[in-house]
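Have a look at the structure below before the remarks.
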């Protein structure tokens, strides 16, 4: 069941932005896990190595780490003035 928001969703609401960013990060983690597990599964079925598979996983993993660092350590959710 999806999370319920007690009031009208508004991107200017700091609590809503924080929840939205964390849900986007969770989706990023899920897509990373599914894609990379599939990538490595199919590489193991092949007779030859895929040298680019390591670079795809490393690059995406570094991007995921940066995304998580921003969401959990850097981002400040204050009332935006718009």
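Checked against (1) in a loop (DSSP other than H, G, I, E, B); (2) touching a residue at least 12 places away in the same chain (Cβ under 8 Å); (3) out of contact with any helix residue (DSSP H, G or I) (no Cβ under 7 Å at 6 or more places or on another chain), residue 48 meets all criteria but (2). Taking the listed residues 32, 25, the one that is assigned to a helix (DSSP H, G or I), out of contact with any strand residue (DSSP E or B) (no Cβ under 8 Å at 6 or more places or on another chain) and touching a residue at least 40 places away in the same chain (Cβ under 8 Å) is 25, with no other qualifying.
Of all the listed residues (66, 61), the sole one being in contact with a helix residue (DSSP H, G or I) (Cβ under 8 Å, 6 or more places away or on another chain), part of a helix (DSSP H, G or I), without any contact (Cβ under 8 Å) to a residue 40 or more places away in the chain and exposed (fewer than 13 other Cβ atoms within 10 Å of the Cβ) is 61.
Bear in mind that the values in this text are calculations on the coordinates, not laboratory data. Small disclaimer: the values here were computed from a predicted structure and weren't measured. Cβ coordinates were reconstructed from backbone atoms using ideal geometry, including for glycine residues, and neighbour counts include every protein chain displayed.
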